[in-house]
Amino acid sequence: MAFDAAIAGVGLTEQAKSLDSSSISVCVEALKLALKDAGMQLSDVDGIAARWPGPGGTTFDPGVVDWTGILGSSFRWVGDTYPQGVPGVLDAAAAVSTGLCEVAVVFGGQAGVLGNSDLAPYTRPNNEFVVPWGLFTAAHFALIAQVYFDRFQPDRYRLSEIAATIRNAGSVNPNAVMYGRGPYEPEDITDSALICEPFHLLDLCLATEGASAVVITSLERARDCPHKPVKILSGSSEWYRQQYINPPRYDEVGDIGKDAFLRTFAAAGLTAIDIDIYELYDINTWEVVRQFEVMGLCDEGEGVDFLHENGIGPEQKFPTNTDGGLLSFSHTGWGGPTLKFVEAVNQLRGTAASGQVQKPETALVTGAGSGAQYFNTAILSVD
């Protein structure tokens with residue numbers, strides 16, 4: 001469908017390894033910041049897509065409606081299918097476009113949950129398919145990547161260049177968790193601890209705390225807000241099997257996202273080469289490579305060399321994860337995918353904290369990937 005919807009406001013709290021706060025508090029803070037950015041009040045909001053972080057609340061996952069008690073307001077539309085990142089934004093855009101609500105908010109994050117733990121608890125659910133085998137998110141993606149590495153033998157140094165480039169973007173971003181920690185060289189990636197073949201520690205995303213939010217309304221109303229609107233042009237998803245229950249197989253999900261990309265680009269009347277900013281879900285370095293391949297910019301097995309030749313830095317041909325991404329900026333659990341929209345909007349507005357691309361007009365946002373066995377993507381543009 002063609003959306004009549006735009007992002008009118010974004011909000012971002014402090015991002016850190018751990019915060020002396022609660023998940024509810026940081027989510028509310030991000031929501032308030034986004035509404036202020038949009039020039040709106042909570043009373044303007046009549047639609048919501050936001051996972052309830054607990055404690056308490058309904059036993060029905062994801063419990064979006066529980067926010068009504070905290071926010072003190074009822075809503076005309078509640079998006080509880082997958083209330084985060086791309087799915088949450090697409091659901092909200094559809095709700096606004098069809099008149100189910102006038103102003104929808106999508107937000108998420110966490111605080112006070114990680115402490116000094118080495119492994120984020122949400123990456124290793126307590127079920128019989130995971131616990132006995134020590135399986136967790138990185139290992140799911142590694143199962144896919146191992147097959148790819150065996151078949152195509154990508155250059156490890158060039159793969160590490162990708163991780164170093166994204167991490168260096170975070171190193172110069174004052175809002176990033178890893179601010180000031182670089183610069184990184186490709187050798188630093190492979191010198192870091194091997195976690196699960198082929199991923200080293202610096203190939204893998206962060207586990208951090210903080211929250212983010214976006215405000216979505218009609219394009220007409222967004223034009224009356226303080227900032228120029230960012231249009232939601234199109235988007236799509238693919239879902240295969242449930243992560244943490246069915247192990248991923250490369251021949252089943254190695255190209256997941258290909259169909260979603262085709263539909264998303266077709267609906268927007270664009271091709272992958274028309275995109276100015278690529279805010280890709282970089283849960284690991286190889287997932288970035290995989291996404292460039294399945295979106296059609298290069299063939300299967302050629303992604304590492306393709307990105308080496310063209311570059312993904314802010315001043316190169318394919319500016320990617322300009323804030324430092326999940327590798328270096330932040331990854332706030334269920335709130336992590338929404339961070340991608342905040343950076344995309346700031347880039348299109350020309351207000352990025354660092355790594356600003358010159359006069360971008362379009363941005364691609366993605367979520368999840370092959371190890372998670374689902375994928376989603378959306379295209380944003382300036383008005």
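Tabulated data for the structure shown
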quantity: Reach of K317 by Cα under 25 Å, taken over lysines that are not fewer than 8 positions away in the same chain; calculated: K231, K258, K340, K359
quantity: Under 18 Å from K36, Cα to Cα: lysines that are on another chain or at least 8 residues apart; calculated: K228
quantity: Sites V382 and M1 - FRET efficiency at Förster radius 25 Å, r taken between beta-carbons, to 0.05; calculated: 0.75
quantity: Neighbour net charge for L202 - beta-carbon separation under 14 angstrom, K R +1, D E -1; calculated: -4
quantity: Neighbour-count ranking [beta-carbon atoms within 10 angstrom, fewest first] of H200, H308, H331; calculated: H308, H200, H331
quantity: Estimated Rh, the stretch 114-210: Kirkwood, alpha-carbon pairs, angstrom; calculated: 14.9 Å
quantity: The stretch 265-353: Cα Rg divided by the 2.2 N^0.38 Å rule of thumb; calculated: 1.08
quantity: Surrounding net charge for A145, when Lys and Arg each add one and Asp and Glu each subtract one, Cβ distance under 10 Å; calculated: -3
quantity: Distance histogram for the chain (every C-alpha pair counted, 20 angstrom bins, percent rounded to whole numbers); calculated: 31, 61, 8
quantity: Over the stretch 49-161, equivalent-ellipsoid semi-axes from the Cα gyration tensor in Å; calculated: 35, 21, 13
quantity: Farthest positive-ward along the stretch 30-166 dipole, Cα basis, beta-carbon charges - from V106, G69, L143; calculated: L143
quantity: The stretch 225-296: chymotrypsin sites (Phe, Trp or Tyr not before Pro) in DSSP coil with no more than 15 other Cβ atoms inside 10 Å; calculated: none
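A short reminder: the numbers here are calculations on the coordinates, not readings from a lab. Bear in mind that the values here come from a model prediction, so they are computed numbers and not experimental data. All Cβ positions, glycine included, derive from the backbone under ideal geometry; neighbour counts span all protein chains shown.
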